[in-house]
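Contents: one structure, followed by commentary.
The values are calculated or read from the model by the stated rules, or taken from the named source; none is laboratory data. None of the values given here were measured: they were computed from a predicted structure. Here the Cβ positions follow ideal geometry from the backbone for every residue, glycine too, while neighbour counts run over all protein chains shown. Each accessible area value is taken on the protein alone, full model and side chains, heavy atoms only, with ligands, DNA and RNA left out. Shrake-Rupley method; radii C 1.70, N 1.55, O 1.52, S 1.80 Å.
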Amino acid sequence: MVDQKKIEEAVRLLLEGIGEDVSREGLADTPNRIARMYEEIYRGMEEDPASHLSKTFAVESNEIVLERNITFYSTCEHHLMPFYGKAHIAYLPDGRVAGLSKLARTVEVYARRLQIQEKMTIQIAEAVMKYLRPQGVMVMVEAEHMCMTMRGVSKPGSQTVTTAARGCFAKDPQMQRYFWEMIRR
C-alpha cells in the first residue's frame, strides 16, 4: 500500500537536495502530485494475476492463441526511471482459454511494479502457465529503457529484448519458429 505522506516528504527532500525551492509556485503541489501518481503507476504491487487469469472458457480446438503488441510502461528498480515497450504472448491451450483482455491485464500487473524487464518477462510466462495451465507459453518483451536513453551510455532508440518459453514452446523449436513468424506479421 502506498504511503502518500512518506512519498510527499521524500519528494520535498529530493527537491531540496537538488537545490530547488519547494515553496515556489510550480513546485508547491508537486509532492502531492507525485504521491498520487505513484499510487497509480505502482498499483500492480497490490494486484494478483490470478484475478485476471483464473476466469477461463472451454474450447474444443487447441490452436495457438497470440496476443501481440501489448503496450506497457514500467519503472526500472535500479534507477527509478521508466522503461516501456510491447509484450507478445502466445500460448497453446489445453482445453481452456482466457478472455481476450486477460493477457494484457496480466502484463499490467507486472509492469505496474518496480521491476526489471528480465524478471517481468519470466513472471508473465509463469503466471500464464500457473493459472491457464496451457500446453506451453512463449513471451517476448521489447522495451526502451530511459536509464540507457537519458543517462549513462545515452543511446536513444536502443531496445532490450527478453524471452521466456515454457512447456511445448521450450521443448519444440518448431513452436518457437511459429511464434516468431506470428509476431512479425
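Numerical summary
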item: For GLN4, net neighbour charge (Lys/Arg +1, Asp/Glu -1) across residues whose Cβ lies under 15 Å away; result: -1
item: Net charge dipole size for the chain [Lys, Arg +1 and Asp, Glu -1 on Cβ; Debye, nearest 20]; result: 580
item: Kirkwood hydrodynamic radius over Cα pairs of region 68-185, then Stokes diffusion coefficient at 20 °C and 1.002 mPa s, in µm²/s; result: 146
item: Cα-based convex hull, region 1-57, per residue volume (Å³, whole number); result: 85
item: Mean residue ellipticity (222 nm) of the chain, computed from DSSP H runs ≥ 4 via -39,500 (n - 2.57), nearest 500; result: -11500 deg cm²/dmol
item: Debye intensity ratio I(q)/I(0), log10, region 40-91, q values 0.14, 0.25, 0.28 Å⁻¹ (C-alpha model); result: -0.58, -1.15, -1.19
item: Ranked packing of 108-119, 154-165, most packed first, by mean Cβ within 10 Å; result: 108-119, 154-165
item: For the chain, accessible area per residue (1.4 Å probe, heavy atoms of protein chains only), Å²; result: 57
item: Derived scalar couplings ³J(HN,Hα) [region 91-97; Karplus, 6.51 cos²θ - 1.76 cosθ + 1.60; whole Hz; x for Gly, Pro]; result: 9, 9, x, 10, x, 9, 10
item: Options GLY26, VAL65, SER158, ranked by Cα towards positive dipole end of the chain, top entry (Cβ charges); result: VAL65
item: Estimated vicinal HN-Hα couplings, Hz - region 163-173 in sequence order (Karplus 6.51, -1.76, 1.60; Gly, Pro = x); result: 9, 8, 10, 9, x, 4, 6, 7, 8, 10, x
item: Inter-part distance where region 1-28 and region 77-139 are each reduced to a Cα centre, Å; result: 34
item: Over region 3-50, relative contact order from alpha-carbon pairs under 8 Å, at least 6 apart, %; result: 43
item: Computed over the chain: relative contact order in percent, which uses C-alpha pairs under 8 Å that are six or more apart; result: 19
item: With every protein chain in place, the chain: carbon and sulfur % of accessible area (1.4 Å); result: 51
item: Pairwise FRET efficiency - GLU20 versus LEU100, Cβ, R0 = 45 Å, nearest 0.05; result: 0.50
item: Between 0 and 90°, nearest 10: helix 117-132 axis offset from the chain longest Cα axis; result: 50
